[in-house]
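The structure appears below as structure tokens.
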Amino acid sequence: MKSLAILNGPNLNLLGRRQPEIYGRTTLNDIEVMCRTHAERLGVELAFSQSNHEGELVEAIHAAVGTHDGLILNAGAYTHTSVALRDAIASVGLPVVEVHLSNIHAREAFRHHSHIAPVALGQICGFGATGYVLAMDALASHLSGATDAAT
Ligand code: DQA
């Protein structure tokens, strides 16, 4: 059975009460429940975690080698600042799908650039919590070899 890990970065523990006009009322726990239900449908194992610390996220990416087959990462604000996260992803060579609840390209200019995108399989943003489920589909499909050569 394939194993996926979903990693969430800073401030995502506040989902539900954090700027609901941007991020909605869905909590991170709601998202975890949704993803666990979807993991059962897909027949994959799922680990789900959150950290406000860049180094912990780097270590979670390292620890995924040999444990998980692919990662889904919402790096929060570190998306736009962290060369360390980008280097960690490039170092481990695991497939990573980048997720954002909001459409980062339709927001402030400083959110338009992602350090993660160049080392990710792809990016899903703007679909709220549904983006996590879409990312699971994309990653499971990639891991099963069902997608075309480009992915
Ligand atoms: C976010 C977008 C980031 O720009 C922001 O810093 C976040 C959340 C999103 O899911 O939309 O913390 O990653």
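Values quoted throughout were computed directly from the atomic coordinates according to the rules given, and no laboratory measurement underlies them. Remember, predicted model here, so these are calculated numbers, not experimental data. Cβ coordinates were reconstructed from backbone atoms using ideal geometry, including for glycine residues, and neighbour counts include every protein chain displayed.
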What is the sum of charges around Ala88, taking Lys and Arg as +1, Asp and Glu as -1, for the other residues whose C-beta is under 15 Å from the C-beta of Ala88? -4
In nm, to one decimal, how far is the Phe127 label point from the Thr67 one, both placed 7 Å along Cα→Cβ? 2.7 nm
Here P(r) for the chain, Cα-Cα distances in 5 Å bins, as whole percents, is 2, 10, 21, 24, 22, 14, 6, 1, 0
Taking each full run of DSSP H in the chain as one helix, which ones are at least 15 Å long along their axis (Cα atoms) and have mean Kyte-Doolittle hydropathy of at least 0.0? 130-143
Mind listing the long-range amide H neighbours of Leu46? Cut-off is under 5 Å, sequence gap 5 or more, other chains count too, H placed in the peptide plane at 1.01 Å from N. Leu4
Summing +1 per Lys or Arg and -1 per Asp or Glu among the other residues with Cβ less than 12 Å from Tyr132's Cβ gives -3
So between Asp30 and Glu59, what do we pick up on full extension, going 0.36 nm a residue minus the alpha carbon distance? 7.9 nm
Phi-derived 3J(HN,Hα) across the range 15-24 with the Karplus relation (6.51, -1.76, 1.60, θ = phi - 60°), rounded Hz, x for Gly and Pro, is 3, x, 10, 8, 5, x, 5, 9, 9, x
Between Ala84 and Asn11, what is the FRET efficiency for a Förster distance of 22 Å, r being their Cβ-Cβ separation, to the nearest 0.05? 0.80
